[in-house]
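Report on the structure given below.
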Amino acid sequence: MFRFTHDPIDPGSFHPLLDDPAAGGYCSFEGWVRNHNEGRAVLRLEYEAYESLGVKEGERILAEAAARFPILKAACVHRVGRLEIGEMAVWVGVSAAHRDAAFAACRYVIDEVKDRVPIWKKEHYAAGESGWINCAVRAPAGTPTR
Amino acid sequence: MRIQVEYFAVLREHVGRGAESCETAAATVGDLYRELDARHGFPAVGRLKVAVNDEFRDWDTPLSDGDHVVFIPPVAGG
């Protein structure tokens, strides 16, 4: 299950999604809002998502993880909206019979989510300005770069 | 034909709204991008992707009346 939420993420509420009598454990990853990035002091973040496509792509990533690794259940929740320092931006949970698969699948899911799911992050800096991460303006506008 | 274009993040802020309805003769989504770029002067933010009707598509995908198009700037989830 992949979903977006506008509310604070409570990992405990998603724990039942990982339940399986064959599970020997689970592995989770929590992404938190940190107070600095590339040497700049960060005050808060805004996340924005193209949710209808984002859920589809997120579900594809979870299905890929289940196909690649011997896991039982996998889930991911990503927050959108305004977040303060220390808040949880993303949670990934994977249950499996054995820990190696749980760790590997958890890593796979967070890496692919960061790379593929249409979510954007705007950082607000202590110096007053703000910017969309990975979207720094480069060459003059023109035809799309493929 | 009429195409519904939705904007997110850096493009939404640049255009000043989250969506617009466009009357266009553009044959492909790439042609539509160039037409709208001429109108809005989109910022060059790196490698753009594009989605048509909530699926990632190639830039040479043909357009049909009523399509929903989203230009996708580099993502930064997590």
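The values are calculated or read from the model by the stated rules, or taken from the named source; none is laboratory data. Fair warning: this is a prediction, and the values are worked out from it, not measured in the lab. As a convention, Cβ positions derive from the backbone with ideal geometry for all residues, glycine included, and neighbour counts pool all protein chains shown.
Computed quantities for the displayed model
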quantity	calculated
Meets criteria (surrounded by fewer than 23 Cβ atoms within 10 Å (Cβ to Cβ) and in contact with a strand residue (DSSP E or B) (Cβ under 7 Å, 6 or more places away or on another chain)) for A:Glu64	no
Qualifying residues in the stretch A:79-105 (those that are farther than 30 Å from B:Arg12 by Cα and in contact with a Ser or Thr (Cβ under 7 Å, 6 or more places away or on another chain)) - the one surrounded by the fewest Cβ atoms within 10 Å (Cβ to Cβ)	A:Gly93
Residue that is nearest to B:Phe71 (Cα to Cα), among those in the stretch A:87-111 that are more than 10 Å from chain B (Cβ to nearest Cβ) and out of contact with any strand residue (DSSP E or B) (no Cβ under 6 Å at 6 or more places or on another chain)	A:Tyr108
Qualifying residue in the stretch B:37-58 (condition: surrounded by 14 or more Cβ atoms within 10 Å (Cβ to Cβ), in contact (Cβ under 8 Å) with a residue 24 or more places away in the chain and farther than 30 Å from A:Leu45 by Cβ)	no
Residue ranges of strands (runs of 3 or more DSSP E) in the stretch A:45-102 with at least 2 members touching a residue at least 12 places away in the same chain (Cβ under 8 Å) and closer than 16 Å to A:Arg116 by Cβ	A:71-79, A:88-96
Among the candidates B:Arg39, B:Arg34, residue that is touching a Ser or Thr at 6+ places or on another chain (Cβ under 9 Å), at pLDDT 95 or above and either facing chain A (nearest Cβ under 7 Å) or assigned to a helix (DSSP H, G or I) (or both)	B:Arg34
Test: residue in the stretch B:3-12 that is of a type outside the set (Val, Ile, Thr), over 22 Å from A:Glu46 (Cα atoms) and under 12 Å from the mean Cα position of the chain (by Cα)	yes
